[in-house]
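One structure is given here, and the rest of the page talks about it.
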Amino acid sequence: MVMAEPPVIRPALPDDSTTIAAVVRAASSPLMRETTILGGIGLDGFLRDQMTSESGNRFFVAEVGGHVVGMSAWRHQGEDLFLNYLFVHPSAQGCGVGTVLWVRSVVLIGRSEIRSLAIDVYEENIQAASWYRSLGLEPVATRLLMAVPLAEESDRHFQWTSTYLGEADEVYARYGFSQFTLTTQRAAYTIGRLGQKYFRGPASLMADEAALVALRRLDPVRRVLCIDGQDSWAAASERGAVLLGRTVRLKAPIERVLARLYQVLSASGSQSVQKTPASVDCD
């Protein structure tokens, strides 16, 4: 795509949800869709519901010629501004849309109380990881994506209960993902359901035979997706886990990242974003 005009960045509207979902599906990798909510069949409905509720997430879109070609989603974590997702449709990649989208989103959010920017990036996404690092973001943690088999069926009697399972079934039917609470004598776990292949749970679940048996009885076809640090791999591999990939958390002071983004925009001759002083809250 050759852009005759700079992208327009604006807050996303509920009516953008279908187009945003299409951009996400076109720009995300199969692994990302498989291991996150982004692969949900009802992603557009979920986005719409997030935009019309007090979810705390902020959504923005990039438009070129009246067409949405990019999106970003953000949330606050204490003094950090966390970039949940940033996607640009393949047809618009390489044109600076992502840079403008990032800068303008932060300006629209306002940064008076934000000290750092953070993002989790899939290790397989080499191009994105390289771009983020060029902006001054540095790795602070690595997590493994592990697919753990469920326990074999057992004649032993295990005590467990599930909470919100009925409600979770309704949510799953609507979005293609949901979560419920599973409680055993050892602990209570928040369990996610992602698509047709995975439950998602904490790594501590692997040491709780009752929980793994319970999940097998709920759905014997699935595996448990555990996302945790390198230290959890030994226990996971003993259970026959498969390493699907890794995510890397990148983080940097907000002013460092914005300064480099402005340098990129200046070098490209973009006039689409006006630089604002660091001390100004740009709501």
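What follows is calculated from the coordinates using simple rules that are stated; it is not laboratory data. Only a predicted model underlies this, so the values are computations on that prediction, with no experimental measurement involved. Because the Cβ atoms are built from the backbone with ideal geometry, glycine has one as well, and the counts that use them run over all protein chains shown.
Distances between placed amide hydrogens fall under 5 Å for VAL69 paired with ALA62, GLU63, VAL64, all partners being 5 or more residues away or on another chain. What the phi angles of the stretch 153-160 give under the Karplus curve with 6.51, -1.76 and 1.60, with θ = phi - 60°, is a coupling list of 4, 10, 7, 5, 8, 10, 9, 7 Hz, glycine and proline written as x. Applying a length cut-off of 20 Å (Cα extent along the axis) and a mean Kyte-Doolittle floor of 1.6 to the DSSP H helices of the chain leaves no helix. Subtracting the Cα-Cα distance of GLU123 and ARG260 from 0.36 nm times their residue separation leaves 47.1 nm of extension gain. In a reduced charge model with +1 at each Lys and Arg Cβ and -1 at each Asp and Glu Cβ, the chain shows a dipole moment near 440 debye about its Cα centre. Of the trypsin sites (Lys or Arg not before Pro) found in the stretch 1-90, no site is in coil according to DSSP while having at most 16 other Cβ atoms within 10 Å of its Cβ.
Once you have a ≥ b ≥ c as the square roots of the Cα gyration tensor eigenvalues for the stretch 1-142, tell me rounded if a/c is under 1.5, and otherwise prolate or oblate according to whether a/b is larger than b/c. Cα axes put the stretch 1-142 in the rounded bin. Taking a ≥ b ≥ c as the square roots of the eigenvalues of the Cα gyration tensor of the stretch 162-214, is the shape rounded (a/c under 1.5), prolate (a/b larger than b/c) or oblate? The shape class here is prolate.
For the stretch 132-225, GluC sites (Glu not before Pro) are listed when DSSP marks them as loop and at most 11 other Cβ atoms sit within 10 Å of their Cβ; the list is GLU152, GLU153. Magnitude of the charge dipole for the stretch 150-240, about its Cα centre and with charges confined to Cβ atoms of Lys, Arg (+1) and Asp, Glu (-1), is about 200 debye. Calculated [222 nm] ellipticity per residue, helices only, for the chain: -9500 deg cm²/dmol; basis is -39500 (n - 2.57) per DSSP H run with n ≥ 4, divided by all residues, nearest 500. Note on the stretch 150-240: along the principal axes its Cα atoms extend 36, 30, 22 Å, ordered by decreasing extent. Shown here for the stretch 1-109: GluC sites (Glu not before Pro) in loop regions (DSSP other than H, G, I, E, B) with at most 10 other Cβ atoms within 10 Å, namely GLU54, GLU79.
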